[in-house]
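Have a look at the structure below, then the notes.
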Ligand SMILES: Cc1cc2nc3c(=O)[nH]c(=O)nc-3n(C[C@H](O)[C@H](O)[C@H](O)COP(=O)(O)OP(=O)(O)OC[C@H]3O[C@@H](n4cnc5c(N)ncnc54)[C@H](O)[C@@H]3O)c2cc1C
Ligand code: FES
């Protein structure tokens, strides 16, 4: 990756396209108005940006695109003041962006390993970038597996990508929903039910896990029972952020600042923070 320049003051970006994903979740494709930044905004998979919605405020958001040749976008769930205001915007409207911030996923350290992604619901958003990156560098990794679960078929994120991923030879995808519908022909059951059906690699394996706390804890238990070590389990933490650059302490958990030390942590680190994910 060429040298990363951090945008410290919000740069204006125009919403080029809005895609409805699932209920209350939309993807916003963005283009920086400043031509020098557009196309040169370098980031690492796993980093995040701060997005300003003018008149409403600023919030932290992951970067789902791969750092290489992927359209720049964010995927946002409507949950509070700022994300509600973002959801009310239309194509052509402007937002502010600063970043990228945070540490990013440790791709150099995991080269040569099998990679398991386990995602629940919108936990697929922060993992999308990593999945696309790993698939683009297929030769650097061993087996690549995705275990993904949502409440219902309508709650599956990035359905168009899931369809593409299921066609990729060597990308082992396993999808489940808690509650099926008459049209749903796939697996029904919570995500841990997949662990009885999938032969997962244990040696030389790293697992990326993102999802709601109840899913996260159950998945960690399954992985560790099979022998995957806590320093080989990677996740991202979300905390309310203000500055994003280690100045305000808003995102502090004990001695760690999620905005600068994270948001990517191993489970070994998360355990020492003594907090629920
Ligand atoms: C690194 C990182 C990456 C993220 N990536 C994404 C992403 O890709 N997509 C996405 O949709 N979201 C993402 N988030 C979450 C997003 O930043 C938050 O949901 C943000 O707070 C939304 O702002 P809001 O004003 O819309 O909602 P808020 O008003 O901030 O409310 C959001 C939720 O937090 C609760 N809340 C409000 N204030 C506090 C407080 N002081 N302490 C604890 N809880 C509080 C609210 O009750 C509500 O449930 C990410 C967060 C981080 C830190
Ligand atoms: S958000 Fe200010 S220190 Fe992390």
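Restricting 154, 159 to residues that are more than 15 Å from residue 117 (Cα to Cα) and touching a helix residue (DSSP H, G or I) at 6+ places or on another chain (Cβ under 9 Å) narrows the list to 159.
Checking the structure you have, find out if any residue of the range 78-95 is more than 10 Å from ligand 1 (Cβ to nearest atom), outside the structural domain of residue 201 (by TED's automatic domain parsing), buried (at least 20 other Cβ atoms within 10 Å of the Cβ) and assigned to a loop (DSSP other than H, G, I, E, B). No, the range 78-95 contains no residue that is more than 10 Å from ligand 1 (Cβ to nearest atom), outside the structural domain of residue 201 (by TED's automatic domain parsing), buried (at least 20 other Cβ atoms within 10 Å of the Cβ) and assigned to a loop (DSSP other than H, G, I, E, B). Scanning the range 246-260 for residues that are within 9 Å of ligand 2 (Cβ to nearest atom) and farther than 22 Å from residue 81 by Cβ turns up 246, 247, 252, 257, 260. Residues in the range 266-275: is at least one in a strand (DSSP E or B), at pLDDT 95 or above and away from ligand 1 (no atom under 11 Å from the Cβ)? Yes: one or more hits.
The values are calculated or read from the model by the stated rules, or taken from the named source; none is laboratory data. Worth saying up front: this structure is predicted, and the values here are computed from it rather than measured. We place every Cβ from the backbone using ideal geometry, glycine too, and count neighbours over all the protein chains shown.
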